[in-house]
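Here the structure comes first, spelled out in structure tokens, and everything after it is commentary.
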């Protein structure tokens, strides 16, 4: 190739590849919503859903079926709280709106903010497990040595696969003091 | 020819400028190739000395040489320096020296950018190494820097590590753009794509891999940076993020990265074996397609690095099948190398010895890779010394042996002298034996359950660790000897012919030895 022709050709290659580089940098970030979308579709990371009370009440209760729901709570090492479910196991009908209760106790004489992150197994069930109310929808603030009752209202979609007989709903509590505003974390 | 053209040619006949500034300002592909190769050798020595610290600590059970934090920092820095400082720049150095010579081009397509892509490296390397002297120590979270170890629990120096990775990424991307532009636009008339030497092909494909995945790595470390300093929660579960996602993003870069390190070595071996078997490469076209298939497959198998994170069975099955599929194009290559040697008139000069060791030992590393590609067996081997043995077989006896083979193969062309035959063979046998003493016992340790990245271990692992450490010290010593051989060759020795090796094929053997500062100013004609 001649000198000027070569310059144009080189410039074209640089421009095209530059676009690819920028696109791939963007793709790296696009992996984040993509990952969330795949997790939502497959229930892979056990994130449970949030629904309106109206929709939850409209479900037909399947009186012939029982599903055992077990509750687990654990605290991340940085959070000096004790958290426990008041009732550890309950049996519910799919479609029935049910209340559960967790209790948190601040062990330190200072105000601390925590955030609960849910995870449900088996993962396949997490798409059918929805909450109308949950302490995990917001950050929880506990004053010095404060004890707090934290309610939760959930419903299991009657469309849940037939082979699911029991689910375990686990909450991990993280300390979020000073961290940036977190939205939608617990949904 | 007019006088004007003749004067123009005179202008190109000048040699290299003198002085230190020659190396700072240079836009000559041979100078930049040399800089890359020396830089990577320095990093190889520093990274190697870190490996010596690791092997010294693991020589006996119990803690004797360093404290655990520093040990972790050693394993991390060893990995980072060898991957980003030694192997990758060495491959770019070979590309700089050889691609223009092999396709009949006067230089790289973008010489000024070439200067930049090299000169970023020493600064990135220094920044990475400087973290070792900072409060809290250097990065100690493993070269894969998984969150939250590298975000929530990492020392402050991690931000310097992040910027070092950014700069290394810039360097690699610029280098790759240069390779692609050179190969696409600068080939001599008649040099069609399917006539290109295989080293050029493998580098072209590697360059595309780099351009596709280095930006993703840049994205991953940028997310780390904002998680650490600006309150985002990409990888923090407390804020709605997910630490497992880090592994997905990282390995989306990381798996193509391992092919970035090995494909140019495939190319080197595909040059050397035909030369010393005195036969054309068997199955040239299938080699090109196999390389391209490996590159494509490398994008869709990343989660085989994370079989134990709790994937659904469907995911494990998919990633298992896709991974094992890579064995097909890889086997095509190994069969082609073997078929090239079949009934060839083989001689065993040093480059050929290294290439043969590459074929044999890399294939061994490939087999252990298959064992771990099978999800249920990976559950047992995961994060044990078995994986350490595996990736050292493919990266040391694979990528590194490929680089050393390339250096022995092209050193007569670069310096004008043959490396001392007796010393080179001593270097080869010393390294080939010690590297197996070093890494083969690590298979046994891994199968017996010894975890990686641990400074202390229980007593049953003592014997093989001692054997491995002795092999490690011997192998390290052998590479200091390599430095001695290279310096000796540069200073003199048996004069190399232009052809260098008997009946060697390719444009690089048509020019004088040592290669003049400017070559192929008038493009050669390829029939």
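Rule-based calculations on the coordinates, nothing more; no lab input. Predicted model, so just to flag it, every value in this text is computed and none were measured. With ideal geometry, Cβ positions are generated from the backbone for all residues, glycine too; neighbour counts draw on all protein chains shown.
Could you calculate the contour length gain from residue B:347 to residue B:38, that is, 0.36 nm times the residue separation minus the distance between their Cα atoms, to one decimal place in nm?
Once the chain is fully extended between residue B:347 and residue B:38, it gains 108.3 nm.
What distance in nm lies between label points placed 7 Å from Cα along the C-beta direction at residue A:15 and residue B:230?
Spacing of the two 7 Å Cα→Cβ label points: 3.0 nm.
Assuming a viscosity of 1.306 mPa s and a temperature of 10 °C, what translational diffusion coefficient in µm² per second does Stokes-Einstein assign to chain A, Rh being the Kirkwood radius over Cα pairs?
In µm²/s, the coefficient is 83.
Just subtract the alpha-carbon distance of residue B:325 and residue B:135 from 0.36 nm times their residue separation and send over the number in nm, one decimal.
Details: separation 190, 0.36 × 190 = 68.40 nm, distance 4.61 nm.
Gain on extension, residue B:325 to residue B:135, equals 63.8 nm.
Would you mind computing, in nm to one decimal, how far apart the modelled labels at residue B:505 and residue A:40 are, each placed 7 Å from Cα along Cα→Cβ?
Computed distance between label sites residue B:505 and residue A:40 equals 5.7 nm.
Grab the DSSP H runs of chain B that are 4 residues or longer, score each as -39,500 (n - 2.57), total them, divide by all residues and round the 222 nm result to the nearest 500 deg cm²/dmol.
On the way: 18 runs with 343 residues, N = 527.
The per-residue figure over chain B is -22000 deg cm²/dmol.
Per-residue ellipticity at 222 nm for chain A, helices alone: DSSP H runs ≥ 4 residues times -39500 (n - 2.57), over residue total, nearest 500 deg cm²/dmol?
-8500 deg cm²/dmol
In whole Å, what are the extents of segment B:330-389 along the principal axes defined by its C-alpha atoms, from largest to smallest?
46, 22, 10
Over chain A, what relative contact order in percent results from Cα pairs under 8 Å that are six or more residues apart? Provide the component values of the computation, followed by the final result.
Numbers: 377 pairs, mean separation 50.7, N = 187.
Once normalised by length, the contact order is 27 percent.
For segment A:79-149, treating each Cα as an identical point scatterer without solvent, what Debye log10 I(q)/I(0) comes out at q = 0.29 1/Å?
-1.44
Cα convex hull of segment A:1-42: mean projected area in nm², to one decimal?
With every direction weighted equally, the projected area is 3.5 nm².
Report for the protein assembly as shown the percent antiparallel among DSSP-assigned beta bridges with both residues inside it, nearest 5.
80 percent
When only Cα pairs under 8 Å and 6 or more residues apart are kept, what is the percent relative contact order across chain B?
18 percent
Determine the percent antiparallel among the DSSP beta bridges restricted to chain A, to the nearest 5. Kindly include the intermediate steps, with their values, before the conclusion.
Working: 33 of 43 bridges.
Antiparallel bridges make up about 75 percent of those DSSP assigns within chain A.
How large is the Kirkwood hydrodynamic radius of chain B, in angstrom, based on all distinct alpha carbon pairs?
Details: mean 1/r = 0.0419 Å⁻¹.
Taking the inverse mean of 1/r over all distinct Cα pairs, chain B comes out at 23.9 Å.
Could you work out the equivalent-ellipsoid semi-axes for the protein assembly as shown, taking the square root of 5 times each eigenvalue of the Cα gyration tensor, largest first, in whole Å?
54, 27, 25
If you stretched the chain out fully between residue B:494 and residue B:192, how much longer would it get, using 0.36 nm times the residue separation minus the C-alpha to C-alpha distance?
Extra length available between residue B:494 and residue B:192 comes to 105.2 nm.
Can you tell me the 0 to 90 degree angle between the C-alpha axis of helix B:243-277 and the longest principal axis of chain B, rounded to 10?
Orientation of helix B:243-277: about 30 degrees from the principal axis.
For residue A:86 paired with residue A:107, estimate the spin-label separation in nm (one decimal), with each label point 7 Å from Cα along the Cα-to-Cβ line.
Distance between the two pseudo-spin positions: 2.3 nm.
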